[in-house]
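The block underneath contains the structure these notes are about, expressed in C-alpha cells.
Derivation of every value follows stated rules applied to the coordinates shown; laboratory data play no part. The structure presented is a predicted model; accordingly, all values stated were derived computationally and were not measured. Every residue, glycine as well, gets a Cβ built from its backbone with ideal geometry; the counts of neighbours run over all protein chains shown.
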Amino acid sequence: MLPPTPSLSLSANIIGLVVGIILTVIGVVFGFAQGTSVQFIILSAIATLAAFVWGWRYVLGQFVSQAPQTDEGPSEIRRVWLQFRPALIGLVAILLVFLVLSLAIENFFNIWNVISLLILLSIVVLTRTLGRQFQENRSAFIGVMVLSGLFSIGAMNIEGFASTMNIKSMLLFAAFLGIASVGQTLVALLGGLDLSIPFIIGAANVGLLYLISLGVPPWLAVILVLTIGVALGVINGLLSYRLQGQALIVTLGTGFAISGGVQILTSIGTAYGGNVFGTVPGWLSNLAAMNGVTFGMPFPPVIAIWGLIILILTIGMRYTVYGRYLYALGVNRTSAKRVMISELKYWVTMYAISGFFAALTGSLLLGWSGGGFIGVGDQYLFLTLAAVVVGGTSLLGGQGGYGFTVIGVLVLQVLSSFLIGIGLEFEWQQFIFGLLILPMVALYARSPHIRTQI
Amino acid sequence: MSEATTVSDAAPSQGGRSYPFLLVPISLFFLLLGLAVLRSPSLITSAGIGSAVIVATPLILATYALMAVVIAGRGTVDLSVGPLIGFVNVTLIQLHGAGVLESPLAVFAYAIAVGAAYQLLFALIVIYVRVQPIIVSLSGYLALSGLNLVILPRPGGVAPQWMADWGLGTSIFSPVLLILVLASVGWMLFTQTAFFTHLRLMGSDERAAYTSGVPIFVVRIGAHLISGCFAGLAAIAFTALISSGDPSQGTTYTLIAVTALVLGGASLAGGRGGVFGSFLGAINLYLITFVLATFNFGAVQSFVTNLAYGTILVVSLLLTLIIPFIQRHLRNFSPLLYFVALSVVALSVILHATFDYQSQGQVQPETGADQTVASSQMLTPIDREQIYVAPLEMAAPNQQESAMRAAAAPVILFILLMVVIAVFLRVAFSQSDRRSLAPVVAVVILALVVLGAYMMRYPGSPNAPPVSVEAE
C-alpha cells in the first residue's frame, strides 16, 4: 500500500525532535525528583528519546502521506464499519467481558483495571489503524504493541512485576524458550516442522548428566552431547527430506525413538530405570542458574548467549547469502532450484541446527535444574511452535525470521509471568494461552479467501 | 499421483479405492499378529480378543476422528482430538457425579453433541477467521487440556453403573465392539455418498473443488461434524475403558492417534485416507505394545515401547517412498486379496500356536508343571531355546486332535487352493490388457465355492470351519 519509510518534511522532523527532547527533559526531572539512580535515569532518557523519534517518524509519516479520501461509495459510517469490522467486534467483545467481570467479581472495578482496559482497547485500535500501514513487519509491530501493553498492565497490577528480579527471571526462561525455538523458526522458514525438539532436549538433559556421572570431563561431555544433537538433526533432515509433507510425523517418530533409546542407554546397569544421578559442574550451573554471574555482572550468562544468538541470526539471515537463500527456498522451491540452490543441503542443515540448539537447551536446562529429567522438554513441544506462530513466522515457509520469534517468545513469557502474577494456576494459564494464540494469529496471519486464490 | 489414478481406473469394481498405500499397514498387521500369537497364544482367546477390543477401541475411534478431518485437506491434523476426548470424559464423569446424566441415551447424546459442537466451532473458525487449521487445533489443545485439569484436578470419579462392566473385556461381544462396528459401518456407508466424493476432491485440491461448484464450506463443516461424532464415541469408549475420569490421559491420545493415522496410510496433506487403513494403523499400534509387553523388559519397558513406536513409524513412512517402484511392477494391487491371502497364513500361525503348544505341554509333563506354577503371573518371558525350536517341533496329537485334523484338512486345503487360484487369476487379470476377465474370475471362484461345499460335505463333517475349531 504505502512505502515502509515515508519521508517527512524538515520542519516536521525538527518539531518531532524538539518535542522528544522536551519529553526527555521532563522525564529526567521527574527521575531526579524521585531520587532514582543516575544510570537508570540516563538509560530511560535515551530510551524515551529514541522511542519518541522513531514513533514520530513512522507514525506521523503514515498520516501525512495518506491519500485523500474520496466521497464516493457508501456513507462514512458504513465505510468505517467495513474497514474496521474485526477491530470493532473485538472492541465490543472486550468491553462486554469487562462489564461481565465487573458485575460478577467484587472489587474488580478499580482504577488499575480500568487503565488496563484502556491499554487493551488502544492496542486493538492501534493494531487496526496503524498496523495496516506496516505491510512488511506487521506481526512484529503487533507483537511489540501486545508486549508493551501486557508489560505495562502487569507492572501496574502486580506487585514487583517490573522489579529487576522478575525481569531477570522472565529473561532467563525466555532465553531457554528462545534458544529452543531457533531450530523451529529456521525449519518453519523452509516449510517444515520439527517436533523432535522436546525429545532431544530431554535426551540431552539426561544424557549429559549420564556422561558426567560416568566420569567424562564435563566440557567434553557437553561437546559430545552437542555433536550428537547435530547428528540427530542430520538424521532428522535426511529422513524427512523425501517426506516433507509429513515432516511433522517423521520428526515425532524420531523423537520417540531418541527419547526411548537414550533412556534405555542410561538405564543399562542401573536399577533406577531412567533416573540418572550425578553432580553438575559449577560452571554449568552458573551458566543457567538464576544467581549466575556474567563477567561480574549479576545476570546468568545464558541471557547473554541468547542475545548473541539473536544478533548473529537476525543479521546473518538478513545480510548473508545463506540467509537470503533460505528465504528463497522457503518462498519458491522451483525457482530456488533454478538458481542452483541445493534444497537438500539447506533442509538438512536447518534440521542439524535445530538438533544442535535443542541439545544446547537440554544442557543449559541441566545447569538450571541440577538434575536430569527426561520430561524436562515436554512443554517445549507446543511452546516452540506457539512462539514461532505468535511471532508471525508462517508455517508454510518463506515469511518471518528469528527476530519475529524473539518477540513471540517474549510475549509468551510476559504473558505467563503475568498470569502467574495474578495468581492463576498452571491449568488456567494453559487455558488462557490456548485462547489467546488464536486471536493473536488472527490479527495478522489470516490467509486470503479461496476465491482470491484461483 | 498419475499412477494412483490409473490404478483406480483399472479396478472400478473395487470402488476406485484400491490404495497401494495399504500394502504397508496390512503387511505390518500380519507380521505383528503372527509375532503376537507366537509370543502369547492367549491373545486368540475370548478374553484376549475382548480385552484387545476394549483397549484398542478408543484409539481406533480417535484415529477415525482424525481421519475425517485430515481428508478435508489444508493440513488439518486435529491435535486437539486427545484433549477433546479427555474433556468429554471429564465432564461426563462430573455431570454423572452431580446426578445429571443417568440414562445411556443421554450420555451418548451428550458425548456426541459436545464433540460435534466443538468441531463445528473449529470448522467455523477455519472458514471465517481463516487461520491455518493446525494453529486452531494447537490453540484447542492448550485450552482444552488446561480446562480438563480445572474441571477434574486429579483422576477420579465413577462412570455410570451400566457402563461399569463394559471395561472388563471378558467376552468379545461387548457394547464397545458394537460401537466400533457401527462407527466403521457408518463411515463405509458414508463413503458411498456424493458428499464423500466432494470431501475427497476438496482435500486433494480445494481450488479445483471450489471452481467446480462444490460447496466447500458445507463440506468442511460436514467433515468436522463427523469427526466430532467419532471423537464423542471415542470418549465413551475411553470412559468405559478406565471406568472413571482422567484429565491428562486423554491428551496422550493425540500423538498416538496421529501415529496410527499415518501408519494406516493416510496422507496428512489431505484427500487420502480410509477406515480400513486407520483401523489397521490403530490395531498395529496396539499389537506393537502387546508384543513388547510379552518380552519382559522390566524397568525399561516403556522406553522400549517408545523406541519401537518411533522406529516403526519412521520405517513405515520410509516404506511409503518405495510404493511408486512397487507400483511399476505390480500395476493392479488389490488390498482385499492381499489381506485375504495373508490372513490364511496368519490363520495357520494361529492354529499352530493355539494347538501345538498345548500338545507340547502334554509331551513334557515336567515342564508343564512348571508352566502352571508360572502361569499365575501373566506374561513370563519364554526362554530362548523355546523361541527358536518351538516352531519346528513335531506335535504329538492324541485321538481327539487327530480326528479334528482329519475333519479340518479338506477345509484348509480348499481355502488354500481357492486363495492361490484367486491370486493367480488376479495377477493374470492385471497383466493382461483386456479388462473383460472379471466375469471369468467370478465364475471360477463360484465354481470353486461349489466344489468346496461338495468336498466339505463328503468327509461327513459338514459344519466344521476352522474358525469355530480354534475358538474353543
Most exposed first by the Cβ proxy, i.e. fewest other Cβ within 10 Å, how do B:VAL77, A:VAL262 rank? B:VAL77, A:VAL262
Out of residues 5 or more away from A:THR294 or on other chains, whose amide H comes under 5 Å of its own, with H placed 1.01 Å from N in the peptide plane? A:PHE299
Once amide H atoms are placed 1.01 Å from N in the peptide plane, what residues at a sequence separation of 5 or more from A:LEU190, or on another chain, have their amide H within under 5 Å of its amide H? A:GLY398
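DSSP loop (so not H, G, I, E, B), at most 12 other Cβ within 10 Å: list which chymotrypsin sites (Phe, Trp or Tyr not before Pro) in the range A:191-282 pass both filters. All intermediate terms of the calculation are to be shown ahead of the outcome.
Details: sites: A:PHE199, A:TYR210, A:TRP219, A:TYR241, A:PHE256, A:TYR272, A:PHE277; in loops: A:TYR272, A:PHE277.
Listed in order of number, the matching sites are A:TYR272, A:PHE277.
With r defined as the distance between the Cβ atoms of A:LEU96 and A:SER169 and R0 fixed at 35 Å, what FRET efficiency is calculated, to the nearest 0.05?
Numbers: r = 35 Å, r/R0 = 0.99.
In this case the efficiency is close to 0.50.
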Phi-derived 3J(HN,Hα) across the range B:26-32 with the Karplus relation (6.51, -1.76, 1.60, θ = phi - 60°), rounded Hz, x for Gly and Pro, is 5, 4, 4, 4, 6, 4, 5
